[in-house]
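Working notes, beginning with the structure itself.
Coordinate-derived values only; no laboratory data. A quick note: this is a predicted structure, and the numbers were derived from the prediction, not measured. Cβ: placed from backbone, ideal geometry, glycine included. Neighbour counts: every protein chain shown.
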Amino acid sequence: MTSTDHFDVIVLGGGQAGLTAAITAAENGASVCILEVAPRAMRGGNTRHTRNLRPMHESGAFPMEGAYGFDEYLDDLLRVTGGETDHALAELTIRESEHAITWLQDHGVAFQPPLSGTLHLGRTNAFFLGGGKALVNSLYRFAANLGVHTVYEATNIDLNISGTRFIDLTYQQESNTHRISGHCLVAAAGGFEANLDWLEEAWGPAARNFLVRGTPYNKGNILRQLLDAEFKQVGDPDQCHAVAIDGRAPTYDGGIVSRVDSVPLGIVVNNAGKRFFDEGEDFWPKRYAIWGRLIAAQTDQIGYAITDAKADGLFMPTVLPPLKSKTIDGLAKQIDIPAAALLQTIDQFNAATISGSFNHQALDDCRTQDLLINKSHWARKIDTPPYSAYPLRPGITFTYLGVAVDNQARLQVGSGNACENIFAAGEVMAGNILGHGYLAGIGMTIGHVFGRIAGKEAAKHAH
Amino acid sequence: MPTDKTTAEAIRVMTICNACRYCEGHCAVFPAMERQTAFTKNNIEFLSNLCHQCGACYQHCQYADPHEFDINVPAVFEQARLESYTQFLWPAFMQPAVLNGSRFMATSLLVSISLFLLAVTEQAGVSHILAPQVNFYNLMPHSVMASIFSFAALAVVISWWMTLREYWHSISLPSPWSIGMASYSAAITSALTLKNLDGGHGDGCYESGESPSLWKRRFHHLVLIGFFLCFSATLVGTFYHYGLDVPAPYGWLTLPKILGVTGGIMLLVGCAGLFRTKQTTDHRLVSSDNGYGMSLTVLLFFTSLTGLGLPIAQGTGALGLLLAVHLGCVLALFLNFAWGKFTHGFFRLIALLADEHQKTQ
């Protein structure tokens, strides 16, 4: 055990929210230390896998294409959350997001026009040049220049909280234990999506078949300690953002390349060979987030997206090629599901399609009728070999369970008061604003806005 | 063409990159990658030569080592480029020159300098080689110099023609006449401005780490401009000699001298800078280093150094030796033009042209 170092502000977690808080605190005169659990090469939490945020903007100046005003933004947020949001904090987030691009540019982050293949996001989302890791690198560089001290591979962080007040903490690095104290603590260490044990508590054994799309380091250690210290909770443990991804992706850290976009162009069956949801309900970017849960509800948490040759080349390329066969029978054997059941499903589906003019870039009029589960758009007969199948698994992106905060990013205690010296930013408190559903880029926006608020308030409190 | 192993790794990497696409704002490689319907040996030859080794995509890659995908575009493309320089090189018996870059440079220097030492000694006589001299042509007649280098230049041009023709066909470029002027002009502009070393944001490249830097681009500009100035000095000198019948040596304030001295100094600074940049390069971006890359920098540096030394040595006993060394450097440089790193400029230019041409299709 070494002697106790003291900082005005200790930031837990070195993703975008933590870095923004650390930089803001340092710019307001505080001495700052970031504890990052990952090694340097894997730093940045899930920010490493991100690529944009969603700023409100009236002008449509670069990098945005067209205006995205307050009212429209709020409508979008209310729609996707189904009202499960703290209205005041939601409005605060939207208003403050207007400054995000300028702030990031001033701190070394570059933007670019929307990436290809990102339908409809050019007006609402600002893309980081080079993606989230480029942003992370820029912010770490800026923080270091401000004198922010960063500790990597800081594991087993143990918070010493007296009542509702943060006193100090210990962490381990290379099997040495260190103790540091701070006037304030900013919790920005993400959710618990990489903690399969915790997921299993909420989801049951099904969680063992989940793939974690992001960082393997978000184990929820800090979130657990804050909830155990009786700070007020938001969200439920079984709420998470889960999309349908390639079932062959790595257990952790597969990121964006694990996506499979072929679902709306064909059908999806479970391992009994049966369809279970309308594959053509809406555009895939608007629907992939519900498919994670749909597949989680199937036996063994697996589904198969099946297309025929007509769909080839109409969706984003995948890392792994699909399983292919010249016959449905052969395909069923490859994916190990009952061939008779799959044949029957496809025959019924083909018989139910009504001809229309196919257009995969619009909500077209190709649909089925008289099926138990109809397909609303892009329904074409699956009849042209070779046939392709992608195995699909639930890929969890982030969790919604978090700690409640006020408009100064301060943790809330059960009695309705705010904690004096513990602040939160990023995924650990995103559930305050996003209690349900998802809006592309909203997580990074919340992280940015509350990172700045937490950094400023923590620095103010430390002086 | 790259070997199967390099091609296989490049295809693996491109397949992952094409599903990610986060880097498409950095340089021309990624938008070009997205246009390919499948990855083959041929389009890896194209994409790898389009890569300018700025390192941005590596430093910003969420899948770089220690991630299990272990994505490193600059390293695999550098290897693929080196293999394409080798495989297309004409005549085939010179191909080992690429794989043994430093040895080829050292040998060509040694042989060239020895030849010129012998020639100068023969011309001036052993006893007079160290006597103070003013005029080069007493040491080596202009006609001999002109013949040697005209012959060397012819060999260089033939070698370029044969080498680049193969590359041109291999990456499926159509006949030069069927490519639009706009494509030529855009490709040449990108080559001359080194657009692809600006990182996409204008702050430069990442070859030495996570902070962007414009120095590699600036030093390369110095080298390129310095080279053109020295080349112009030679052309103007030739015109003076044959056209105006004014033989060298020229005074400090004559056009050949002004062009040559300015160009020579730019080359010295630029080459020293590029050499320094190479020393600080993030070793992870480099797949192999056999001295091939640096051979051109070293030769340009010593050619300018000895060239700038000539007017200073005029009237002293050192002129004879220095002239032999300088001419030896120049001849070694000519060998590099044909079979060394110099060809990278043409490969890149053709790849840039293919890129511009594909955009119009």
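Among the aspartates and glutamates, select those whose C-alpha is under 20 Å from the C-alpha of A:LYS381, and discard any that sit fewer than 8 residues away in the same chain.
By straight Cα distance, A:LYS381 reaches A:ASP261, A:ASP278, A:GLU279, A:GLU281, A:ASP282, A:ASP308, A:ASP312, A:ASP329, A:ASP347, A:ASP364, A:ASP365, A:ASP370.
Show me the ranking of peptides A:315-323, B:297-305 by mean Cβ neighbours inside 10 Å, starting with the highest. The partial results should precede the final answer.
Working: A:315-323: 18.4, B:297-305: 22.3.
Result, highest mean first: B:297-305, A:315-323.
With no solvent and one point on each alpha carbon, what is the Debye value of log10 I(q)/I(0) for chain B at q = 0.08 Å⁻¹?
For chain B at q = 0.08 Å⁻¹, log10 I(q)/I(0) is -0.44.
Quick test of your reading: applying the under-4.7 Å Cβ rule, which cysteines of chain B are isolated?
Unpaired cysteines in chain B: B:CYS17, B:CYS20, B:CYS27, B:CYS51, B:CYS61, B:CYS230, B:CYS271, B:CYS329.
Which distance in Å, rounded to a whole number, links the C-alpha centroids of the stretch B:127-176 and the stretch B:199-220?
34
Nearest 10 degrees, 0 to 90: what angle lies between the long axis of helix A:70-81 and the longest principal axis of chain A (Cα atoms)?
Approximately 70 degrees, to the nearest ten.
For chain A, what number results from the quotient of the Cα radius of gyration and 2.2 N^0.38 Å?
On the way: Rg = 23.4 Å, N = 463, 2.2 N^0.38 = 22.7 Å.
Cα Rg divided by the expected 2.2 N^0.38 Å: 1.03.
Kindly provide the GluC sites (Glu not before Pro) of the stretch A:190-247 that DSSP labels as loop, not H, G, I, E or B, and whose Cβ sees at most 13 other Cβ atoms within 10 Å.
Values: sites: A:GLU193, A:GLU200, A:GLU201, A:GLU230; in loops: A:GLU193, A:GLU230.
Listed in order of number, the matching sites are A:GLU230.
When the helix-only estimate is applied to chain A (DSSP H runs of n ≥ 4, each -39,500 (n - 2.57), divided by the residue count), what is the mean residue ellipticity at 222 nm, nearest 500 deg cm²/dmol? Numbers along the way, then the final one.
On the way: 11 runs with 127 residues, N = 463.
After summing the helix terms and dividing by the residues of chain A, the value is -8500 deg cm²/dmol.
Using only the Cα atoms of the stretch A:242-395, each taken as one equal point scatterer with no solvent, compute I(q) by the Debye sum, divide by I(0), and report log10 of the ratio at q = 0.11, 0.14 Å⁻¹.
-0.36, -0.61
Arranged from highest to lowest average of other beta-carbon atoms within 10 Å per residue, in what order do the peptides A:163-170, B:276-283, A:386-393, B:105-112 appear? All intermediate terms of the calculation are to be shown ahead of the outcome.
Numbers: A:163-170: 16.9, B:276-283: 13.9, A:386-393: 23.2, B:105-112: 18.4.
Per-residue Cβ counts within 10 Å, averaged per peptide and sorted highest first, yield A:386-393, B:105-112, A:163-170, B:276-283.
Whole angstrom only: what separates the Cα centroid of the stretch B:73-122 from the Cα centroid of the stretch A:376-449?
Using only Cα atoms, the two centres lie 57 Å from each other.
From the gyration tensor of the Cα coordinates in the stretch B:156-310, what semi-axes in whole Å does the equivalent ellipsoid have, largest first, with each one equal to sqrt(5λ)? Provide the component values of the computation, followed by the final result.
Working: eigenvalues 187, 118, 50 Å².
The equivalent ellipsoid of the stretch B:156-310 has semi-axes of 31, 24, 16 Å.
For chain A, take the longest principal axis of its alpha carbons; what is the angle in degrees between that and the long axis of helix A:132-145, to the nearest 10 within 0 to 90?
10
Just to confirm the number: angle between the C-alpha axis of helix A:16-27 and the first principal axis of chain A, 0 to 90 degrees, nearest 10?
With both axes taken from Cα atoms, the answer is about 20 degrees.
Lysines near A:LYS375 by alpha-carbon distance under 18 Å, same-chain residues fewer than 8 away left out - which ones?
Counting by Cα, and skipping residues close in sequence, A:LYS375 has these lysines nearby: A:LYS274, A:LYS286, A:LYS310.
Can you give the relative contact order of the stretch A:237-325 as a percent, counting alpha carbon pairs under 8 Å and 6+ residues apart? Please report the intermediate quantities before stating the final value.
Values: 98 pairs, mean separation 32.9, N = 89.
The normalised contact order for the stretch A:237-325 reaches 37 percent.
Just the Cα atoms of the stretch B:224-276, one point each, no solvent: what log10 I(q)/I(0) does Debye give at q = 0.29 Å⁻¹?
Calculated log10 I(q)/I(0) at the listed q: -1.02.
From Cα coordinates alone, what are the radius of gyration and Dmax values for the stretch A:167-315 in angstrom?
Considering the stretch A:167-315 through its Cα atoms, Rg and Dmax are 19.4, 63 Å.
Rounded to the nearest angstrom and ordered from largest down, what semi-axes does the equivalent ellipsoid of the protein assembly as shown get from its C-alpha gyration tensor (root of 5λ)?
Here the semi-axes work out to 59, 36, 22 Å.
With a length cut of 30 Å (Cα positions projected on each helix's long axis) and a Kyte-Doolittle mean of at least 1.0, go through chain B and give me the DSSP H helices that pass. Don't skip to the end; give the middle numbers.
Numbers: long enough: B:101-124 (34 Å, 1.18); B:142-170 (42 Å, 0.78); B:215-238 (34 Å, 0.85); B:255-280 (37 Å, 0.92); B:292-313 (31 Å, 1.50).
Once both thresholds are applied, what remains is B:101-124, B:292-313.
When you look at the Cβ of every residue in A:253-260, what mean number of other chain Cβ atoms sits within 10 Å?
Numbers: counts 5, 4, 8, 6, 12, 1, 2, 1.
Other-chain Cβ atoms within 10 Å of each residue's Cβ, averaged: 5.
With the Cα gyration tensor of the stretch A:1-142 in hand, give its eigenvalues times 5 under a square root as the equivalent ellipsoid semi-axes, listed largest first in whole angstrom. Before the final figure, lay out each step's value.
Working: eigenvalues 176, 68, 41 Å².
Taking √(5λ) for each eigenvalue gives 30, 18, 14 Å, largest first.
Relative contact order, percent, of chain A when contacts are C-alpha pairs under 8 Å separated by at least 6 residues? Don't skip to the end; give the middle numbers.
Working: 1141 pairs, mean separation 108.8, N = 463.
Over chain A, the number comes to 23 percent.
At a Cα cut-off below 19 Å, give the lysines reachable from B:LYS341, other chains included and same-chain residues fewer than 8 away excluded.
Reachable lysines: B:LYS216, B:LYS278.
Sequence gap at least 6, Cα distance under 8 Å: using those rules, report the relative contact order of chain B to the nearest whole percent. Can you show the working numbers first?
Working: 491 pairs, mean separation 98.1, N = 361.
About 27 percent, as a whole number.
Averaged over peptide B:24-35, how many Cβ atoms belonging to another chain are found within 10 Å of each residue's Cβ? Don't skip to the end; give the middle numbers.
Numbers: counts 9, 12, 6, 0, 0, 0, 2, 1, 0, 0, 4, 0.
Mean shielding by partner chains, rounded to a whole number: 3.
Give me B:ARG348, A:ARG79, A:ARG54, A:ARG141 ranked fewest to most by other Cβ atoms within 10 Å of their Cβ, as a rough exposure proxy. Could the numbers behind the result be given before it?
Details: B:ARG348 20, A:ARG79 11, A:ARG54 26, A:ARG141 15.
Arranged by neighbour count, lowest to highest, B:ARG348, A:ARG79, A:ARG54, A:ARG141 become A:ARG79, A:ARG141, B:ARG348, A:ARG54.
Over the stretch B:4-88, consider all pairs of different Cα atoms and compute the Kirkwood hydrodynamic radius from their mean reciprocal separation; express it in Å, one decimal. Write down the numbers at each step before the final one.
Numbers: mean 1/r = 0.0788 Å⁻¹.
Taking the inverse mean of 1/r over all distinct Cα pairs, the stretch B:4-88 comes out at 12.7 Å.
Project the alpha carbons of the stretch A:217-279 onto their principal axes and report the range along each, largest first, in whole Å.
49, 23, 19
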